[in-house]
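In what follows, a structure is listed as structure tokens, so that the remarks can point back to it.
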Amino acid sequence: MTVLYVVATPIGNLEDISERARRILSEVDHIAAEDTRHTGKLLAHLGISKPVSSYHDHNEAQASQKLIDLINAGTSVALVSDAGTPLISDPGYRLIKLARERGLQVIPVPGPSALVTALSVAGLPSDQFTFHGFLPAKTRARCDLFQKLLNATGTQIFYESPHRVVASIHDLASVFGENRLLVVAREMTKTFEQITYGSIFETLRMIESGELKIKGEFVLLLEGQMAFDSRLDEDLILTELLAELPVSKVAEITARLTGKPRKLLYKRALVLKGVNNGDAGATS
Ligand code: SAM
């Protein structure tokens with residue numbers, strides 16, 4: 001059977017393996033894995049014993065050819081990465097490209113990916129988004145990238161390591177200002193899962209206070225310019241009305257004008273009025 005399966009695996013919680021992924025992994029003749037020891041643990045958990053070879057950034061060209069030869073010889077192969085969906089900031093592109101060029105059948109076995117998992121709970125617009133993979137390691141390159149994204153309309157999504165995440169959020173602040181919304185999704189599906197939602201300013205405060213822990217794996221999701229602008233319009237209406245009317249009336253009128261929930265606008269009006277807490281106005 002000349003088939004290459006691309007199989008997604010959990011991003012933390014092992015219960016997130018799909019029934020189909022489990023079945024395919026137990027049925028294929030061979031598994032190509034980013035890290036054979038890491039995948040060995042998953043297979044042991046699933047009670048599967050199989051030949052596993054390594055496929056990673058440093059042997060991609062050579063390993064791809066070997067795997068294609070195996071498939072051509074009638075061996076069914078599954079590609080997995082350490083976590084989530086292969087090829088999403090993970091190895092596999094060369095293999096899939098070669099398989100396509102050779103006319104082999106490539107079958108997706110979908111499952112978790114940190115990118116989509118984070119977007120699904122972020123509370124940021126999900127109709128348009130751009131995924132940038134890992135942020136550059138150096139401040140200069142990060143800021144250059146952010147400059148290019150200043151007017152990007154959709155939600156901007158980045159992967160980041162715990163060693164650089166604080167520096168990256170400071171860089172976000174220096175290019176985008178402190179008022180854009182930033183969602184930080186940390187250790188999703190794991191014991192210490194944490195998902196914060198607030199302006200860049202509020203996020204930096206959560207880091208300073210230790211409320212947001214800098215440990216584990218991170219996805220950063222930044223509000224795009226369009227959503228930011230529409231929030232600004234909303235703030236403008238709220239601020240104008242607050243000068244004349246009580247908060248509840250302000251929320252009611254703004255809800256009518258914008259179609260946004262009155263409760264949410266009431267909370268925001270309190271923040272703008274500086275009632276919620278002393279310096280909350282700094283986030284507006
Ligand atoms: N292929 C994976 C996927 O589909 O999401 C991504 C692999 S990439 C090498 C690893 C990065 O993904 C981490 O550094 C982090 O940015 C993100 N990531 C993976 N698992 C995560 C989790 N459970 N919580 C938060 N971020 C995660």
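General observations
- Ranked list, fewest to most other Cβ atoms within 10 Å of each Cβ, for Asp82, Asp69: Asp69, Asp82
- Cα gyration tensor, the range 43-185 - rounded (a/c under 1.5), prolate or oblate: prolate
- Gaussian network model of the chain, Cα within-10 Å springs - most flexible of Ile253, Ile17, Ile214: Ile253
- Violating pairs (Cα-Cα greater than 26 angstrom) within the set Lys215/Lys260; Lys148/Lys260; Lys41/Lys66; Lys138/Lys215; Lys41/Lys190; Lys148/Lys213: Lys215/Lys260; Lys148/Lys260; Lys148/Lys213
- The label-point distance for Thr189 and Tyr93, in a model that sets each label 7 Å from Cα toward Cβ, rounds to 2.4 nm.
- The value given for the range 187-244 is a Kirkwood hydrodynamic radius of 13.9 Å, derived from the mean inverse Cα-Cα separation.
- Rounded to the nearest 20 debye, the dipole size of the range 167-223 about its Cα centre is 120 debye, using +1 on the Cβ of Lys and Arg and -1 on the Cβ of Asp and Glu.
- Projecting label points 7 angstrom from Cα along Cα→Cβ for His30 and Asp233 puts them 5.7 nm apart.
- Cα-based shape type of the range 3-112, given that a ≥ b ≥ c are square roots of the gyration tensor eigenvalues and the cut on a/c is 1.5: prolate
- Two-decimal Rg to Rh for the range 73-124 - Kirkwood Rh, Cα set: 1.08
- Ranked by how many other Cβ atoms sit within 10 Å of their own Cβ, fewest first, the residues Tyr55, Tyr197 fall in the order Tyr197, Tyr55.
- Per-peptide packing, taken as the mean over residues of other Cβ atoms within 10 Å, places 218-227, 57-66, 87-96 in the sequence 218-227, 87-96, 57-66 from highest down.
- Just so you know, the averaged projected area of the alpha carbon convex hull for the range 116-168 sits at 3.9 nm².
- Computed with the Debye formula from one identical point scatterer per Cα of the range 122-222, without solvent, the log10 of I(q)/I(0) at q = 0.12 Å⁻¹ comes to -0.34.
- Mean separation of Cα contacts under 8 Å, 6 or more apart, over the residue count of the chain: relative contact order %: 16 percent
- The distance linking the range 180-251 with the range 88-107 is 39 Å (Cα centroid to Cα centroid, whole angstrom).
- Charges were assigned to the Cβ only: +1 to each Lys and Arg, -1 to each Asp and Glu. The resulting dipole of the chain about its Cα centre is roughly 180 debye.
- Segment Leu264-Leu245, extension gain: residue separation times 0.36 nm, minus the distance between their alpha carbons: 5.1 nm
- The calculated pair-distance distribution of the chain uses every alpha carbon pair, bins of 10 angstrom beginning at 0, and gives 6, 24, 26, 21, 13, 7, 3, 0 percent.
Each value in this text was obtained by applying a stated rule to the coordinates, not by laboratory testing. Quick caveat, the model's predicted, so the values are computed rather than measured. Quick reminder, even Gly has a Cβ in these numbers, built from the backbone with ideal geometry, and neighbours come from all protein chains shown.
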